[in-house]
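Input: a single structure, listed below in structure tokens.
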Amino acid sequence: MKKVVILTGAGMSAESGIATFRDSNGLWNNYPVEKVATPEGFAANPELVLDFYNYRRRELLKAEPNEGHKELAELEKYFIVHIITQNVDNLHERAGSTHVIHLHGELMKSCSVKNTAKAFSISPENPDIHPGDKAPDGYQLRPFIVWFGEAVPKIEEAIQYVELSDIFVVIGTSLNVYPAAGLLNYVRNGQPVFLIDPKEVKVYRNDIEFIKTSASEGIKILAERLKKMI
């Protein structure tokens, strides 16, 4: 079976009602990045940061995987599929995808401020983190999210999958956030590359096939083209 690696961004989950960050009314317009998505912001006002992610977590619990998520899970019948996502939601997993790498962390997990590498699952029945909530090591819990200025620990694993892939797909990302955007550098010459996004995405490669439509509709088109490559 051919290996398909798929990089997904905020546009993948937008149809499920998950707010994006960079659109005209995106989250960064309402919450400055330096206040809610940096270690310095958390140190300055942990309650604000915890409330921000508590709200996002409750939003996620109301959301459902969209048709695009489900179509990607269906591709596992025909290909070896690895999804590398910039999203912190769990909609890929809930749709049935079995190989998902979260570059930027996972919203439904927490970690200790002392050890951000060890994650703890958050119960949907008790989804909020409060000041004073402690990890088993006795330190304050924080969201298991890779904030700006922090290392992206899974990027090397993601690079390995891209290097070994037969087909590479980009869905719903502006390719402005590094190191995720740099994964294109590891795609072999001559390898099929597809990019699904209704907006113009500037890329330096001239070997990309663009599917300019929404994630769900684009993935249907993609699935038909990929099946012809089997």
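Charges only on Cβ, +1 for Lys and Arg, -1 for Asp and Glu: so what's the dipole of the range 62-124 about the Cα centre, in debye to the nearest 20?
380
Using Cα pairs closer than 8 Å and at least 6 residues apart in sequence, work out the relative contact order for the range 1-137, in percent.
Normalised by residue count, the contact order of the range 1-137 is 27 percent.
Just subtract the alpha-carbon distance of Glu200 and Glu217 from 0.36 nm times their residue separation and send over the number in nm, one decimal. Walk me through the numbers before you get to the answer.
Details: separation 17, 0.36 × 17 = 6.12 nm, distance 1.64 nm.
4.5 nm is the gain from fully extending Glu200 to Glu217.
Top mean-square fluctuation among Ala19, Ala43, Ala158, Gaussian network model of the chain, C-alpha springs under 10 Å?
Ala43
Can you list the trypsin sites (Lys or Arg not before Pro) in the range 124-230 that are in a DSSP coil and have 15 or fewer other beta carbons within 10 angstrom?
Lys154, Arg188, Lys199, Lys202, Arg205, Lys212, Lys228
Pick from Ile219, Ile145, Ile159: which residue has the top mean-square fluctuation in a GNM of the chain where Cα pairs under 10 Å get a spring?
Ranking Ile219, Ile145, Ile159 by mean-square fluctuation puts Ile159 first.
Please work out the FRET efficiency for the pair Asn45 and Asn115, using the Cβ-Cβ distance as r and a Förster radius of 22 Å; give the result to the nearest 0.05.
Calculated value: 0.50.
Per residue, how large is the accessible surface of the range 112-161? Use a 1.4 angstrom probe and give square angstrom.
Spelled out: the 1.4 Å probe surface of the range 112-161, per residue, equals 61 Å².
Using 0.36 nm per residue of separation minus the Cα-Cα distance, give me the extension gain between Lys77 and Ile230 in nm, one decimal.
Details: separation 153, 0.36 × 153 = 55.08 nm, distance 1.14 nm.
Full-extension gain reported as 53.9 nm.
Please report, largest first and rounded to whole Å, the three semi-axes of the ellipsoid equivalent to the range 125-230, where each semi-axis is the square root of five times an eigenvalue of the C-alpha gyration tensor.
So the three semi-axes of the range 125-230 are 35, 17, 14 Å.
Decide, for the range 185-226, between rounded, prolate and oblate: order the square roots of the alpha carbon gyration tensor eigenvalues as a ≥ b ≥ c, take rounded if a/c falls under 1.5, and otherwise choose prolate if a/b is larger than b/c, else oblate. Don't skip to the end; give the middle numbers.
Details: a/c = 2.83, a/b = 1.37, b/c = 2.06.
Oblate, since a/c reaches 1.5 and b/c is not below a/b.
For the chain, which whole-number percentage of the solvent-accessible area (1.4 Å probe, protein heavy atoms only) is attributable to carbon and sulfur atoms?
C and S fraction of accessible area: 50 percent.
Let me spell out the model: positive unit charges on the Cβ of Lys and Arg, negative unit charges on the Cβ of Asp and Glu, origin at the Cα centre of the range 188-230. What dipole size does that give, in debye rounded to 20?
The calculated dipole for the range 188-230 is roughly 100 debye.
Relative contact order for the range 78-230 using alpha-carbon pairs under 8 Å, separation at least 6, rounded to a whole percent?
On the way: 211 pairs, mean separation 24.3, N = 153.
Result for the range 78-230 is 16 percent.
What distance in nm lies between label points placed 7 Å from Cα along the C-beta direction at Lys35 and Asn189?
4.9
Please name whichever of Val36, Phe148, Ala215 sits farthest to the positive end of the charge dipole of the chain, dipole taken about the Cα centre and charges placed at Cβ: Lys and Arg +1, Asp and Glu -1.
Of Val36, Phe148, Ala215, it is Ala215.
Kindly state, to the nearest 0.05, the FRET efficiency for Ile159 paired with Leu61, given R0 = 41 Å and r defined as their beta-carbon distance.
Using R0 = 41 Å, I get an efficiency of 0.80.
Where the only charges are on Cβ atoms (+1 Lys, Arg; -1 Asp, Glu), what is the dipole of the range 76-229 about its Cα centre, to the nearest 20 debye?
In total the dipole reaches around 220 debye.
Scan the chain and report its longest stretch carrying no chymotrypsin sites (Phe, Trp or Tyr not before Pro) that are both in a DSSP loop and have at most 14 other Cβ atoms within 10 Å.
1-138
Which residue fluctuates the most in the chain, going by a Gaussian network model with Cα springs under 10 Å, if the choices are Glu125, Glu157, Glu15?
Glu125
So for the chain: antiparallel DSSP bridges make up what percent, rounded to the nearest 5?
That works out to approximately 25 percent antiparallel.
Which pairs in the list Lys118/Lys202; Lys3/Lys202; Lys62/Lys202; Lys70/Lys109; Lys114/Lys199; Lys77/Lys114 are over 30 Å apart, alpha-carbon to alpha-carbon?
Lys118/Lys202; Lys62/Lys202; Lys114/Lys199; Lys77/Lys114
Obtain the nm distance between the two label points defined at Phe148 and Ser123 by a simple spin-label model: each point lies 7 Å from its Cα along the Cα-to-C-beta direction.
A separation of 3.5 nm, rounded to one decimal place.
Mind running the shape call on the range 1-123? Use the C-alpha gyration tensor, a ≥ b ≥ c as the square roots of the eigenvalues: rounded below 1.5 for a/c, prolate if a/b tops b/c, oblate otherwise.
Details: a/c = 2.19, a/b = 1.66, b/c = 1.32.
Because a/c hits 1.5 or more and a/b exceeds b/c, the range 1-123 counts as prolate.
The values are calculated or read from the model by the stated rules, or taken from the named source; none is laboratory data. Small disclaimer: the values here were computed from a predicted structure and weren't measured. Virtual Cβ from ideal backbone geometry, glycine too; neighbours counted across all protein chains shown. Surface accessibility is based on the protein's heavy atoms, side chains included, excluding ligands, DNA and RNA. Shrake-Rupley method; radii C 1.70, N 1.55, O 1.52, S 1.80 Å.
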